[in-house]
1. Output the number of residues of the range 70-108 satisfying the condition of being over 23 Å from R156 (Cβ atoms) and either in contact with a Leu (Cβ under 7 Å, 6 or more places away or on another chain) or surrounded by 16 or more Cβ atoms within 10 Å (Cβ to Cβ) (or both).
2. Within 24 Å of the chain's Cα centre (by Cα), on the phi < 0 side of the Ramachandran plot and in a loop (DSSP other than H, G, I, E, B) - does that describe any residue in the range 9-24?
3. Please work out which residue is farthest from H22 (Cα to Cα), limiting yourself to the range 62-83 and to residues that are charged (D, E, K, R) and over 17 Å from the mean Cα position of the chain (by Cα).
4. Please go through the range 87-119 and give me each residue that is among the hydroxyl-bearing types (S, T, Y) and at pLDDT 95 or above, ordered by number.
5. For the range 120-146, what are the residues that are at pLDDT 95 or above and of a type outside the set (A, V, I, L, M, F, W, C)?
6. Cβ-Cβ under 7 Å, sequence separation 6+ or interchain: first residue in the range 18-34 and touching a residue at least 60 places away in the same chain (Cβ under 8 Å), partner among the polar types (S, T, N, Q). Which pairs?
Amino acid sequence: MEDKFESNDNKPHETIVEHLIHAIRESIRHGRFVQGQRLVVADISRMFGVSVGPVREAIRRLTGEGLLEFTPHRGAAVRVFTERDVRETFQVREALEGYVAKLAAENIHRGDYKSRLVACQLKLRDAVNAKVNNLSEARQEFHDLLYEIAGNAMLREAALRVTFPVFRLQFNKLTGTARATQSLQEHDEIIAAILSADGLRAERLMRSHLRNGAIAVCQALDELHAFERAPRKAKAG
């Protein structure tokens, strides 16, 4: 159960909508709302202690973003991403973030970027080695930092529109420890290339990293869907 917003009656309508949008995104990201789950306006209204108007507006905007999907006679539900969605999204990320890695390598000498990137690398290692739940956040921080170092705001905006970072946490849980360890090695190689200002190598390694990620997620989805389709007796044992 989510915490209700405080003093809702005194907040402007737009502020409540923005809070709702953020809260629903976070609920999806952390698996409290799962793919395919219906979001009933009255239920969301009670959950967050707000009127139905802001809830309808938040759902409308999230549907426009592609995070939710609307079906006639059924209403809004958390979007279900297919394997094709995953492959196509990773292909777009490969093109965008490969170029971002190249730009980051070209700009790494500026300011305190080197020390910040090394600190981010240590955080990634700690998260993987400790098998903690903040691995997704550490990875997101890494990619966010690369966009900052690259220094191109339009690339960042494009990435936010065409990717679904909100589902990275769920995908990380799907792919498990083996992929986390391999991914850490790939991050180390990317970071080494950026720190040495080798833009072409950084781009190539980033693209390879994202291709490997797509393969791991699609394999995990295959296994999950096979389990869901299996007869109940087989699941039980």
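The values are calculated or read from the model by the stated rules, or taken from the named source; none is laboratory data. Only a predicted model underlies this, so the values are computations on that prediction, with no experimental measurement involved. Neighbour counts run over all protein chains shown; Cβ positions are idealised from the backbone, glycine included.
1. Number satisfying all stated conditions: 4.
2. Within the range 9-24 (the criterion being within 24 Å of the chain's Cα centre (by Cα), on the phi < 0 side of the Ramachandran plot and in a loop (DSSP other than H, G, I, E, B)), the answer is no, since none of the residues qualifies.
3. Among those that are charged (D, E, K, R) and over 17 Å from the mean Cα position of the chain (by Cα), it is R74.
4. Y99, Y113, S115
5. If the condition is that a residue be at pLDDT 95 or above and of a type outside the set (A, V, I, L, M, F, W, C), then Q121 is the only one that fits.
6. G31/Q170
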